[in-house]
Amino acid sequence: MKNSFHKTILRHIINNPRRYLAIMFIVALGVSFFSGVRAASPNMRDAADKYLDDYNASDIQIISTLGFDDEDIQALRQAKNTDAIMPAYSVDGFVINDGRTLLINFQSIDTEKISSQPKSVLNMPVLVEGRFPSEKNECVLDYLLVDFYNFKIGDTIQIQTSSDPDIVKSLNQLEYKIVGFVNSVQYISFQRGSSTKGDGSLTGFAFIPEGNFTLEVYTGVFIKAKNITESRFSEEYKNKINQFKEEIKQIGNIRNPQRYQQIKEDAEKELEKGRKELKDAENKLSSGEKEILEGEKKLNDGQKELEANRKKYQDEITKAKKELDAAKVKLEDSRKALDGNQKQLNAAKDELNRAKSEMEGKKAQLEQGEQAVSELYSQISALTLQLEHLSPGSSEAIEIESQISQLKNLYNQMSRELEESRKLFEQGMAQIEENEKKLSQNEIQLKKGWDEYNKGKAEYEKNLALYEKSKAEGATKLEEAERELNKSRRELEKAKKELNEKKPDALKEMENARKKLEEGERELEKLKEPEWYAIGLNENTGVYSYNQDTDRVAAIGLVFPLIFFLVAALVCLTNMTRIVEDDRTNIGILKALGYSGFKIASKYLVYSCSAAGFGIALGVLTGSAIFPRVIADAYGIIYALPPVAGEIDVNSSCIAGIGAIICTVVPTLLVCYKELAAVPATLMRPRAPKSGRRIMLERLPVIWNRLNFSQKVTCRNLFRYKKRLLMTVLGIAGCTGLVYTGFGLKDSIRLMVPVQYEQIQKYDMTVFLRETGEENLSDLESVLSNNQNVKDFIHFHQTEVDATTDNSTLSAYLIVTDNTEKFYKFITLRKRRTHTPVRLSNSGVVITEKFGRMLGIKIGDTITLKVREKPEVKVKVEGITENYVMHYIYMTDELYQSLYGESPEINAVYSQIRDNS
Amino acid sequence: MAGYVSFQNVVKEYKMGDVTVRAADGITFDAEKGEFVVVVGPSGAGKTTVLNMLGGMDTCDGGKIFVDGVEVSAFNKKQLTTYRRHDIGFVFQFYNLVQNLTALENVELAAQICKNPLDARQVLKDVGLENRMGNFPAQLSGGEQQRVSIARALAKNPKLLLCDEPTGALDDATGRQVLELLHKTCKNTGMTVFVITHNQAITPVADRIIKLRNGRVREIIRNENPLPVERIEW
């Protein structure tokens, strides 16, 4: 139903848009600021959470005093809360760029997994430029370094070994080519963490393929926890992580003793090996020396032997010569004898030969004779034969017979002759034979004799030759022997020289080795069970500081928007009031026409609600679009996080909305109520203006009479409209207050630095001893006192302490000094407001102001101190000193002694540098 | 016997700081249904006060007011609202139209909450504003505005039509027209009409004349033979 009442409402708005829009915009402003600034913190957290989710940030990082071996990893993998686990290697190295030295943390990545299953890689690096490494000698570098240093893709970084030679024990590759730049979820802030190398702070990080690490154990483990749905910035997450840390601690409690045993055994083995090696070396040295001594002795012996041999040689040579000469003489004699015999023999032989040849002649004769005989015989035989064939008595036969008989006679004769000759011959032959025999015997003998002589001669010759040979040989041998001996002597000398030259070094080396072994043994002694330190992601520096910063943003979101909101509320209030009051006549008309009060009020409610409604909608939309982004971008300068989504924070939007409605509707209702209380007649009459009143000032004629009319009117007006006056004053006061607060904040924060670091902490340098001890301290102090740039220094003890009062605990640094008068030169203890000095005595401690305030401590109160590994002690607070950075508790050495029974270990030195700048 | 409308010793006081003013000081009168009543008196006599109290626009501080047998002066706020809604049609001296509604809408505004309203257009036609229905009060002349105001009151079809100086700002001719309209309505519909005026010349039209002075009723005159409006001399 198009009804006029609605029309009048609508036209009321449309015809006079300025007021309506004013309300709408002021509501929008207040709501946008409120919901926007309040949305900033959740949006920032959500963005961070999403980022950490997207890149699989690990929930727990564990480091160990002794690294992790595979069994440790296995045990952790099987933990109830472990969803995924990633062991990693990491080492810090120095890199030079443009003449500046950077300390980079090199961490291992699994390049295979990154390219094949990026979604399952924990703490997946976020590639900003370039690509991930594919070769062993490639790396991706911290994107932060691009802004501050001169790195480009394609550059090579070189890890320095000059100041850090041990790094080669961790990496087998020292040169890496930059192929990309990355951000890491482990480093969402600019903080890069601390290191034990260099000045202790890391400049950046780099990821390199796992294969480059030669470490035996993993340096760290990253674990993603199961069943985490909460925001990483919430208490629930913290609790879950703490539970997980407990579980890890339990696992550690089982693994660490095992590991300790293992390490100890391995170390012992190594030490044993070392010891043995040292022993071997010692043995070698002493055996070497012994050998030299022996060699010397041998040489001497050899020399002696040589002499002896030479003498022997001489003797033998002489003896042999003598023998030989004797033999020669003997031979000569023999020869002579033999010669004689030979002559004799030869004569005999000649004789014999003569006889033989005679005999030969005789033999020939004989043979002739024989022959003839034989011929005769054969003739005879032949004739006989013939005879046989002839008839006896024939002429032939008779002839033959005669022949035969002749022949036979001849034959017989010849035979007899022959026989005689033969006998003679035989006799002769026998004689000859005998002679021959004799001769041959003699010959034999002679031969024998000659043989013997020859033999003897040969032998002599042989012996002579042998003698010669031996002599020569002997001589050569002796020469050789002498040469050898000399050579050996020279060698020995050389060896001796070498020994003497090298011995001191060798001894030194052995001494070093011995020292190293001792050190190793001492270190093994000192070796404690490994300790695991589990760090939750909520404790990660970047996440923690982001949490704090978003808390601060939320804190800002608590108060500042309220102020804006109040302003908005005030504006709404006055505007609505004015609107309703100005519409008094119309209210009267409507009332006169019989519209119920409620209906009439609804007109203004619609007005205010719709204005507020639009304002809220506008405010929420713009607020959540602008503020979170603006604030996050401002923080983005120091954080590497993706941009924040402009999400509406329902909670604060609702609160803002309700607040806005209340601020617009309630005044509307109130003023409506007031107006509608009147009867229509009254309403339709113009409102009677407020009656004028005299003001207090008028009672002071001294002033009042001096004022002119305008001034008097002004004065009157000021006090006449008290509400307006109040609002103006409050408004201006509020604004001034805000502006003043802003400036005040800026100045306070800015001035804090010089006050803290010039007036309170007057030292320029602090040196912490990694290993305490008299020697180390005096070394350090002598270095400092010898350094011309150091003006003065003082040593002290610093440790972290937990201080407890009845219901709260807070951590602080405990500083113990043994020289209070000198200490004041380095740290000013004074009251903040008055700057009166606060003295440190032996009866109590001096605490810093904020610390005291946070624990609610006043001078004279007692607090309980708990230092790690020391019993709890109670101390009285006798002074509170001005301080702006961190919390400190100052104590004298004497007090410390009385509390703990011993002096504290001096572990630090403050020093002041001469002002040369 | 109380009439259709009955005022019995009605008192109205205004306190402003220490000052008390009695706008109505014991007003007593009666009026019959369907009468055309004119209330006259000099300025400050209490005429508007009486009308306001009669119309439920204001409360009284003493005495009783009866309308159609009902004690209006005893009404609570809610009852007064209902009373004003359905039973009263008020024509204001200074029109009191809603500036951001047209003539027609102004009339509709009043009509749409009534039990038995007349058709707004028709009423506007009846008052002669057929061509001005779509104009805003700022675009209408004084007489036209007053007629809208009357149309508004008429459209409500009330028991009582109360007019506070309806012709006060009008010229002779327009005034007559308006008066004619009111009279006609009174006679044609049987509506009881009260007209306040300080112009004595109007009084012959009335059936009853109530003269007020200083917050009291001076005289009540019953007019047996009222004159028609044309015959009035302003």
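For a paramagnetic label modelled at 7 Å from the Cα of A:D98 toward its Cβ, which residues of segment A:193-215 fall within the zone defined by backbone nitrogen distances under 18 Å?
A:203-205
Percent relative contact order of segment B:31-158, based on C-alpha pairs within less than 8 angstrom and at least six residues apart?
RCO, segment B:31-158: 26 percent.
Could you tell me which of the pairs A:K136/A:K197; A:K224/A:K249; A:K791/A:K825; A:K330/A:K447; A:K284/A:K496 are separated by over 23 angstrom between their Cα atoms in the structure shown?
In this structure, A:K136/A:K197 lie more than 23 Å apart at Cα.
Restricting attention to segment A:681-719, which trypsin sites (Lys or Arg not before Pro) occupy a DSSP loop and are surrounded by at most 16 other Cβ atoms within 10 Å?
Passing both the DSSP loop test and the Cβ count: A:R687, A:K690, A:R693, A:R694, A:R706.
For a quick check: sort B:V195, A:V875 by the number of other beta carbons within 10 angstrom, fewest at the front.
Lowest count first: A:V875, B:V195.
Measure off 7 Å from each Cα along the Cα-to-Cβ vector at A:I703 and A:L278, then give the distance between these two points in nanometres to one decimal.
Modelled inter-label distance: 9.6 nm.
What is the dipole size for segment A:443-578, taken about its Cα centre, with +1 at each Lys and Arg Cβ and -1 at each Asp and Glu Cβ, in debye to the nearest 20?
380 debye
Taking GluC sites (Glu not before Pro) as exposed when DSSP calls them loop (any state but H, G, I, E, B) and at most 14 other Cβ atoms lie within 10 Å, what is the longest stretch of chain B free of them, the sites themselves excluded?
Formally, the longest exposed-site-free interval is B:33-223.
Please list, or write none, the lysines whose alpha carbon is within less than 24 Å of the alpha carbon of A:K874, excluding same-chain residues fewer than 8 places away.
Correct list for A:K874: A:K831, A:K850, A:K858, A:K866.
Using the membrane-span-like helix rule (whole DSSP H runs, Cα extent along the own axis of at least 20 Å, mean Kyte-Doolittle hydropathy at least -1.0), which helices of chain B qualify?
Within chain B the helices that satisfy the rule are B:172-189.
Give me the inter-chain shielding for B:82-91: mean count of other chain Cβ atoms within 10 Å, whole number please.
3
Mind checking the angle between helix A:541-582 and chain A's longest principal axis? C-alpha axes, 0 to 90 degrees, to the nearest 10.
Here the helix axis deviates by roughly 20 degrees.
Using 0.36 nm times the number of residues separating A:Q160 and A:K528, minus their current alpha carbon distance, what extension gain do you get?
Residue separation times 0.36 nm, minus the Cα-Cα distance, leaves 129.3 nm.
Measure up A:K119/A:K152; B:K115/B:K211; B:K47/B:K115; A:K276/A:K528 against 32 Å on the Cα-Cα distance and list the ones that go over.
Beyond 32 Å between Cα atoms: B:K115/B:K211.
Could you state the angle between the C-alpha long axis of helix A:235-389 and the longest principal axis of the C-alpha atoms of chain A, as a value from 0 to 90 degrees rounded to the nearest 10?
Approximately 10 degrees, to the nearest ten.
Determine the calculated [θ] at 222 nm for chain A from helices alone, applying -39500 (n - 2.57) to every DSSP H run no shorter than 4 residues and normalising by the residue count; nearest 500 deg cm²/dmol.
Per the formula, -22000 deg cm²/dmol.
Relative contact order for chain B using alpha-carbon pairs under 8 Å, separation at least 6, rounded to a whole percent?
In percent, rounded to a whole number, it is 27.
List the trypsin sites (Lys or Arg not before Pro) within segment A:454-546 that DSSP assigns to loop and that have no more than 16 neighbouring Cβ atoms inside 10 Å.
Of the trypsin sites (Lys or Arg not before Pro), the ones in loops of segment A:454-546 whose Cβ has at most 16 other Cβ atoms within 10 Å are A:K528.
Once you treat every alpha carbon in segment A:824-913 as an equal point and sum by Debye, what is log10 I(q)/I(0) at q = 0.16, 0.18, 0.20 Å⁻¹?
Rounded to two decimals, the profile gives -0.69, -0.87, -1.06.
Using 7 Å Cα-to-Cβ label points, what is the A:A458/B:D171 separation (nm, one decimal)?
With each label placed 7 Å out from Cα toward Cβ, I get 19.3 nm.
Cα-Cα over 20 Å: which of A:K169/A:K245; A:K311/A:K477; A:K322/A:K477; A:K312/A:K471; B:K33/B:K159?
A:K169/A:K245; A:K322/A:K477
Arranged by the count of other C-beta atoms within 10 angstrom, fewest first, what order do A:V95, A:V620 take?
If I rank by nearby Cβ atoms, fewest first, I get A:V95, A:V620.
Can you give me the distance in nm between label points at A:K516 and A:Q371, each placed 7 Å from the Cα along the Cα-to-Cβ direction?
So the label points at A:K516 and A:Q371 sit 11.6 nm apart.
So how tilted is helix A:709-720 from the main axis of chain A? Cα-based, degrees 0 to 90, rounded to 10.
70 degrees
How high is the relative contact order of segment A:612-698? Use alpha-carbon pairs under 8 Å, at least six apart in sequence, and give a whole percent.
This gives 30 percent for segment A:612-698.
Work out how much length A:D915 to A:N242 would gain on full extension: take 0.36 nm times their residue separation and subtract the Cα-Cα distance, in nm to one decimal.
Residue separation times 0.36 nm, minus the Cα-Cα distance, leaves 237.4 nm.
None of the figures in this text is laboratory data; all of them are computed from the coordinates on show. Remember, predicted model here, so these are calculated numbers, not experimental data. Neighbour counts run over all protein chains shown; Cβ positions are idealised from the backbone, glycine included.
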